[in-house]
Each structure stands twice: as structure tokens, then as C-alpha cells.
Amino acid sequence: MIEQDTKEEILSIIRHIESDPAITQRDLSLKLGVSLGKTNYLLKALVKKGLIKAGSFSRNPGKMKKIHYVLTQRGFEERIQLMRHFLLRKEQEYYRLKREWESLKNFKDL
């Protein structure tokens, strides 16, 4: 079972890759607020699961190759599932906070 924080990090990675396939691991790490090592680990896991593809290219043989990430069909389906899970969790949190707020308002009226 994937931990909740990791699910949110995976969803965030997928969303960032969709918006910028040329995003670097370092930039992704900064946007996620996690270490570069963890970002590398998560990206490798997503490639291994077939959720993203990583490809490198360089027009100049002497320069370092840049890596681009592409979301696969399976990755797109996983994104939908993760987003659904995330929204359901946030909806539950909203209703819990609303009940707590109502309880506090009732307490104040006493």
C-alpha cells in the first residue's frame, strides 16, 4: 500500500510532467519540497511501473543529454485514480471540519 504522502507526491509529479515534460529532477525536487534523491527514486519507480517514459536527447554530442518525461496511457489512468482519491479525501476532510466548526459555534452560543 502506498502511503498517503507518496500518493500526493506521485500525483504532483504527474501533473508537473504533464505541464512541462522537460522539467529537471532538480526543479521537480524543489517544487515538491523533497530531496533530489527521493525525486529520483519516485521517477524511477514511475518509469518501472510504466506510468511515465523517460527519454534523453542532445543535438550536440559534447553536451550532457536532457531528459524528457512523457506520461503514458497507464500513467494518465493512474492520474485520474489518484485525483479521484485525493478529491474524496479532501471532501471528507471538509465535512469533518464543517462538523467541528458547527460544534464550536454551538458551544459558543451556550
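Any read-out appearing in this document is the output of simple, stated calculations on the displayed coordinates, not a laboratory observation. Fair warning: this is a prediction, and the values are worked out from it, not measured in the lab. When we count neighbours, we look across all protein chains shown, and the Cβ atoms used for this are built from the backbone with ideal geometry, even at glycine.
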- Task: In whole Å, largest first, what are the principal axis extents of the Cα atoms in region 4-51?
- Result: 22, 20, 16
- Pull up all non-local amide H partners of residue 52: gap of 5 or more, or a different chain, and H-to-H distance under 5 Å with H placed in the peptide plane. 47, 72
- Taking θ as phi - 60°, what are the ³J(HN,Hα) couplings along region 70-78 by the Karplus curve (6.51, -1.76, 1.60), each to the nearest whole Hz, with x for Gly and Pro? 10, 6, 7, 4, 4, x, 5, 5, 5
- Item | Karplus-derived 3J(HN,Hα), 6.51/-1.76/1.60, for each residue of region 22-27, Hz, glycine and proline x | 8, 4, 7, 4, 5, 5
- Task: Excluding residues fewer than 8 places away in the same chain, name every one of the lysines whose C-alpha is closer than 20 Å to that of residue 90.
- Result: 7, 98
- Item | Long-range HN-HN contacts of residue 34 with modeled amide H, under 5 Å | none
- Message: Can you compute the helix-only [θ] at 222 nm over the chain? Use -39500 (n - 2.57) per DSSP H run of at least 4 residues, normalise by all residues, nearest 500 deg cm²/dmol.
- Response: -23000 deg cm²/dmol
- Query: If you take the beta carbon distance between residue 97 and residue 45 as r and set R0 to 41 Å, what does 1/(1 + (r/R0)^6) give as a FRET efficiency, to the nearest 0.05?
  - Reply: 0.80
- Against the rule of thumb 2.2 N^0.38 Å, how large the Cα Rg of region 4-109 comes out: 1.47
- Ranked from highest to lowest mean number of other Cβ atoms within 10 Å per residue, what is the order of the peptides 82-95, 25-38? 25-38, 82-95
